[in-house]
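Novice: So that we are looking at the same thing, I have put the structure below in structure tokens.
Only the coordinates and a few stated rules stand behind these numbers; no lab work does. All values reported here derive from a predicted model rather than from experimental measurement. Here Cβ is always computed from backbone atoms with ideal geometry, including for glycine, and neighbour counts include all displayed protein chains.
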Amino acid sequence: MDASRLRDICLGFPGTYEDFPFGPETSVFKVRASGTSAGKMFAASAMDPDNWYVSLKCDPALAEQLRAAHPEINGAWHMNKTHWNGVRLDGALPDAMVRDMVEDSYDLVVSSLTRKQQEQLGWARLAKG
């Protein structure tokens, strides 16, 4: 997975945008529903090919399972390690698995929004709930 592919995945979800609150070297992907001024982060990456990681929000129980099963996944640097995984993107993990983890991160963040905001985003899981 390269930076362009990661960016495309992150920006492919409704209401997402890229921000740089930590400086120009770190891409932060957020979701924002209409009527809100600030977005909520669901992914962050330095986009550095020499140290290629992405930080993703994760259910705590699943985070532990993923870390135990995959040496490429650990507690995210500078984040709450209970809720955030650092995922090394050196090609050891299949792109489909990384995409699923990005989607799970997005879904966790969107699930914390109000029902009205979820409806505005057209969140797919809304119909399942």
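Novice: Cβ-Cβ below 6 Å, separation at least six or inter-chain, first residue in region 103-115 and within 12 Å of HIS83 (Cβ to Cβ), second crowded, with 17+ Cβ neighbours inside 10 Å and among the aromatic types (Phe, Trp, Tyr): which pairs?
Specialist: Between residues of region 103-115 that are within 12 Å of HIS83 (Cβ to Cβ) and residues that are crowded, with 17+ Cβ neighbours inside 10 Å and among the aromatic types (Phe, Trp, Tyr), the close pairs are SER105/PHE42; VAL109/PHE42.
Novice: If you go through region 58-65 one residue at a time, do you hit one that is buried (at least 20 other Cβ atoms within 10 Å of the Cβ) and in contact with a helix residue (DSSP H, G or I) (Cβ under 9 Å, 6 or more places away or on another chain)?
Specialist: First pass over region 58-65, keeping only residues buried (at least 20 other Cβ atoms within 10 Å of the Cβ): 58, 63.
Going one step further and asking which of them are in contact with a helix residue (DSSP H, G or I) (Cβ under 9 Å, 6 or more places away or on another chain), we end up with 58.
Checked region 58-65: at least one residue is buried (at least 20 other Cβ atoms within 10 Å of the Cβ) and in contact with a helix residue (DSSP H, G or I) (Cβ under 9 Å, 6 or more places away or on another chain).
Novice: With the structure loaded, tell me whether PHE29 is of a type outside the set (S, T, N, Q), under 17 Å from SER111 (Cα atoms) and without any contact (Cβ under 8 Å) to a residue 40 or more places away in the chain or whether it fails that test. Spell out the reasoning first.
Specialist: Details: of a type outside the set (S, T, N, Q): yes; under 17 Å from SER111 (Cα atoms): yes; without any contact (Cβ under 8 Å) to a residue 40 or more places away in the chain: yes.
Here the answer is yes, as PHE29 does meet what is asked.
Novice: Right, next: When you scan region 38-82, how many residues do you find that are touching a residue at least 40 places away in the same chain (Cβ under 8 Å) and touching a His at 6+ places or on another chain (Cβ under 9 Å)?
Specialist: 3
Novice: Condition first: assigned to a loop (DSSP other than H, G, I, E, B), crowded, with 17+ Cβ neighbours inside 10 Å and in contact with a Leu (Cβ under 8 Å, 6 or more places away or on another chain). Now tell me which residues in region 1-15 satisfy that. Before the answer, list the steps.
Specialist: Residues of region 1-15 assigned to a loop (DSSP other than H, G, I, E, B): 1-2, 12-15.
Retained after the next criterion (residues that are crowded, with 17+ Cβ neighbours inside 10 Å): 1, 13, 15.
Matches in region 1-15: MET1, GLY15.
Novice: Still on this structure: Picking from PHE22, PHE42, which residue would you name as being among the aromatic types (Phe, Trp, Tyr), over 15 Å from the mean Cα position of the chain (by Cα) and either surrounded by 12 or more Cβ atoms within 10 Å (Cβ to Cβ) or on the phi > 0 side of the Ramachandran plot (or both)?
Specialist: Working: PHE42 fails: over 15 Å from the mean Cα position of the chain (by Cα).
After ruling out the rest, the residue left standing is PHE22.
Novice: Moving on. Considering each residue of region 45-62, count those that are within 11 Å of MET101 (Cβ to Cβ) and over 13 Å from the mean Cα position of the chain (by Cα), and give that number.
Specialist: Counting residues in region 45-62 that are within 11 Å of MET101 (Cβ to Cβ) and over 13 Å from the mean Cα position of the chain (by Cα) gives 1.
Novice: Do you know which residues across region 16-31 are assigned to a loop (DSSP other than H, G, I, E, B), in contact with a strand residue (DSSP E or B) (Cβ under 9 Å, 6 or more places away or on another chain) and either within 17 Å of VAL102 (Cβ to Cβ) or small (Gly, Ala, Ser) (or both)? Even if it seems obvious, please write down each step before you answer.
Specialist: Let us first name the residues in region 16-31 that are assigned to a loop (DSSP other than H, G, I, E, B), namely 20-26.
Right, trim to in contact with a strand residue (DSSP E or B) (Cβ under 9 Å, 6 or more places away or on another chain) and you get 20-22, 26.
Across region 16-31, the qualifying residue is only THR26.
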